[in-house]
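The values are calculated or read from the model by the stated rules, or taken from the named source; none is laboratory data. Quantities reported herein were computed from a predicted structural model and do not represent experimental measurements. Quick reminder, even Gly has a Cβ in these numbers, built from the backbone with ideal geometry, and neighbours come from all protein chains shown. In case anyone asks, the SASA skips ligands and DNA or RNA and just uses the protein heavy atoms, side chains included. Shrake-Rupley method; radii C 1.70, N 1.55, O 1.52, S 1.80 Å.
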Amino acid sequence: MTKEKLVADTQTLYRFIQLHCDKKHHDVPKQRGVLNVTFQEESLCELTYHVCEECETLFTYAYGRLKQCPHEDKPSCRKCPNPCYEKPMWKQMSKVMMFSGMHLGLTKIRKMFLK
């Protein structure tokens, strides 16, 4: 995986989890955190997040798995021949991805009609 791909995938992961937490866990106490995105000991960027404890755990877990992905061209997790997520975390992440993906897709469509 390249540096650029790691940063882009981590930012996508961040957007999906942040959106899910904001919309689904709005009544749960949030905590601030900073994720330092690194590639072979080189710091690439920092992401500041404000999510609940459950979403923070999922985010750090998913980032760790993403960072350790052995594939040069990372496939989507659903199509991966060697899934690295544990089953409960995979189910939780798939719910986040479905909700946020649908919401972000609808947002893009809405913006197209507003132009």
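Worth pointing out:
- Carbon/sulfur fraction of accessible area - the chain, other protein chains in place, 1.4 Å, %: 55
- Rounded to 10°, Cα long-axis angle of helix 53-67 versus longest principal axis of the chain: 40
- Estimated [θ] at 222 nm from DSSP helical runs (n ≥ 4, -39500 (n - 2.57)) normalised by residues in the chain, nearest 500: -19500 deg cm²/dmol
- Flagged links, alpha-carbon separation over 22 Å, of 74/95; 5/79; 30/95; 30/87; 3/87: 30/87; 3/87
- Computed extension gain for residue 85 through residue 1, at 0.36 nm per residue and net of the alpha carbon distance, reaches 28.5 nm.
- Estimated from the Cβ-Cβ distance and a Förster radius of 22 angstrom, the FRET efficiency linking residue 48 and residue 78 is about 0.15.
- 0 to 90° range, to nearest 10: angle between helix 87-114 axis and the chain longest Cα axis: 50
- Accessible surface, per residue, of the chain when the full set of protein chains is kept, probe 1.4 Å, Å²: 69
- Mean Cβ neighbour count within 10 Å, used as a protection proxy, ranking 70-76, 99-105 highest first: 99-105, 70-76
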